[in-house]
2 protein chains.
Amino acid sequence: MSAPARLIGVGVGPGDPELMTLKALRALREADVVAHFAKAGNPSKARAIAAGHLRPGVAEVPLLYPVTTEIPRHEPAYCSEIAAFYDAHLDARRSVAVICEGDPLFYGSYMHLHVRLAARYPTEVIAGVTGMSGCWSAVGAPIAQGDDVFTVLPGTLPEDELERRLRDADAAVIMKLGRNLPKVRRALARTGHLVRAMYVERGTMKDAVVMRLADKADDCAPYFAIVLVPGWEGRS
Amino acid sequence: MSAPARLIGVGVGPGDPELMTLKALRALREADVVAHFAKAGNPSKARAIAAGHLRPGVAEVPLLYPVTTEIPRHEPAYCSEIAAFYDAHLDARRSVAVICEGDPLFYGSYMHLHVRLAARYPTEVIAGVTGMSGCWSAVGAPIAQGDDVFTVLPGTLPEDELERRLRDADAAVIMKLGRNLPKVRRALARTGHLVRAMYVERGTMKDAVVMRLADKADDCAPYFAIVLVPGWEGRS
């Protein structure tokens, strides 16, 4: 291969393969190697989204999660895992497309690679439709407009902090629900936002679950479900 | 036309036509009518992005800004303008694709139409890459990760409120700069964020302007320029 080594973070969007961009498709077509993140033992969601657009026979490299998030970044074990990745491919002057759910630099695992390798190799990032955009579009919920302050909150925050920040937000998205849902629900109720909060699971997929959070009878939620608090409705 | 009337908000992304999604392309190909927002007398930016994908000869309807934002929503003048739009097309059982810069329901003019017409006609919203995603990707700035709280702030906020909210944010994007830039700069300096704030104009275009805000010698900024305050760097 004669092209220079290059690392490309490719956003493939929130789940519906049709929400991939033309630029992402081109990057997948042109890359020597396609890498993707996955939890050890699980299939990669990003790869499933992009599957229809991979070149037959393209070299694929799974990057297992412990490589990028569960080992502290200055650990020797971390460095040697990452080194194996770029030594094998970037140093061989290959272009490596790392496919990422949603947008690579918005709460994505890719940014760990990017920050470490950007000083040594040319890098490019291809923006993608975020998971949250996919969700509010599927619901048809105008999320923010005009002079709204819009805030993304992880459900992992302490309950009093969630409450304080929700009280201060015109529009919000709450991520990382899972077992945090009861706490999130209480914080929304106390701030008067529960009445307009929407619960969304797998927003852009055929098996999407969408309902008013107030109508959800149980507190079972996957970690990747999100709650939308549209700003528009709060003011109308 | 035999398909039922349908209103489709089509996100065409932040500016680079390659950041359009496959779904947006299909919607433009299938729609009977393509509508777009523009300031009276100015070309539509959304239309410029989508220009290469419009069917030759497709019916086009410009929606001038006063229609959707400068007339209060319950004014008779507003209602009659909007009525002219949907009477002519949706009532004639045409499918109307409204092309929108970025993502239709994220600070977009489309949501005005959507909220008014969703009860009367079938609607669909196609998520797009937001302007801010386009900017942080162009800059290669990991914007938020892990348990970061991410906040979008309009530069129009009072200076003390900007300062208070910046102090409370791990990661932030400040929009609507223009003549608000001196105020935004002071609020960033007082909260210790100026050192990592990036200034971006036309992020995904060939003539993009990208620099550290601290290095920007003047306070001239277009209204649509944005400032990025990446969360990642704040913690590393």
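Tabulated results
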| read-out | value |
| --- | --- |
| Probe 1.4 Å - accessible area at B:F224, Å² to nearest ten | 150 |
| HN-Hα J in Hz across the stretch B:197-207 - Karplus 6.51, -1.76, 1.60, θ = phi - 60°, x for Gly and Pro | 6, 10, 9, 9, 10, 6, x, 9, 9, 4, 9 |
| Per principal axis, descending, Cα span of the stretch A:129-175 in whole Å | 30, 24, 15 |
| Label-point gap, in nm, between A:V195 and B:A48 - each point 7 angstrom along Cα→Cβ | 4.3 |
| For the stretch A:181-235, convex hull of alpha carbons as volume per residue, Å³ | 83 |
| Antiparallel DSSP beta bridges within chain A, percent to nearest 5 | 30 |
| Hull shadow area, averaged, the protein assembly as shown [alpha-carbon convex hull, nm²] | 23.4 |
| Residues with amide H under 5 Å from that of B:D170, placed H, sequence gap 5 or more | B:V149 |
| Viscosity 0.890 mPa s, 25 °C: Kirkwood-radius Stokes-Einstein D of chain B over Cα pairs, µm²/s | 129 |
| Accessible area that becomes buried as B packs against A, both chains, 1.4 Å probe, Å², nearest 100 | 4600 |
| Accessible heavy-atom area order of B:D16, B:D147, highest first, probe of 1.4 Å | B:D147, B:D16 |
| Electrostatic dipole magnitude of the stretch B:92-211 [Cβ: Lys, Arg +1; Asp, Glu -1; Cα centre; debye, to 20] | 460 |
| Copy-to-copy label separations for A:R212, where each label sits 7 Å from Cα toward Cβ, in nm and ascending | 5.1 |
| Calculated P(r) tail over 14 Å for the stretch B:89-139, as whole % of Cα pairs | 56 |
| Across the identical copies, how the B:V195 labels are spaced - nm, sorted shortest first, 7 Å along Cα→Cβ | 4.6 |
| Inter-copy label distances at A:G52 (7 Å, Cα→Cβ; nm, one decimal) | 2.1 |
| Note, ³J(HN,Hα) from phi for the stretch A:218-224, Karplus 6.51, -1.76, 1.60, rounded to Hz, x at Gly and Pro | 10, 10, 8, 8, x, 4, 8 |
| Nonlocal amide H pairs with A:S95, under 5 Å, H built at 1.01 Å | A:R6, A:D32, A:V33 |
| Residue-by-residue Karplus 3J(HN,Hα) for the stretch B:147-158, coefficients 6.51, -1.76, 1.60, Hz, glycine and proline x | 9, 4, 8, 10, 10, 9, 10, x, x, 6, 4, x |
| Calculated [θ] (222 nm, deg cm²/dmol) that DSSP helices of n ≥ 4 give over chain A, each run adding -39,500 (n - 2.57) | -8500 deg cm²/dmol |
| Amide proton proximity set for B:A59, modelled H, under 5 Å, gap of 5+ | B:V34 |
| Label-point gap, in nm, between A:A40 and B:A119 - each point 7 angstrom along Cα→Cβ | 5.6 |
| Heavy atoms of A:T156 accessible to a 1.4 Å probe, total area in Å² rounded to 10 | 50 |
| Other protein chain Cβ atoms within 10 Å, averaged over every residue that makes up B:13-25 | 6 |
| Separation of alpha-carbon centers, the stretch A:159-205 and the stretch B:185-236, rounded to whole Å | 30 |
| Per-pair calculated FRET efficiency, R0 = 45 Å: A:E60 and A:D219 via Cβ, rounded to 0.05 | 0.75 |
| Candidate aspartates and glutamates for bridging to A:K206, where Cα separation is under 18 Å - those fewer than 8 sequence places away on the same chain excluded | A:D16, A:E18, A:E101, B:E124 |
| By accessible area with a 1.4 Å probe, ligands and nucleic acids excluded, highest first: order of A:L162, A:L54 | A:L54, A:L162 |
| Neighbour cut-off at most 15 other Cβ (10 Å), DSSP loop, trypsin sites (Lys or Arg not before Pro), the stretch B:196-234 | B:K206 |
| Cut-off 13 Å, label 7 Å out along Cα→Cβ of A:D147, residues of the stretch B:102-127 by amide N | none |
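The values are calculated or read from the model by the stated rules, or taken from the named source; none is laboratory data. Model, not experiment: these values are computed from the prediction. Positions of Cβ are backbone-derived with ideal geometry, glycine not excepted, and every protein chain shown enters the neighbour counts. Surface areas here come from the heavy atoms of the whole protein model, side chains and all, with no ligands, DNA or RNA. Shrake-Rupley method; radii C 1.70, N 1.55, O 1.52, S 1.80 Å.
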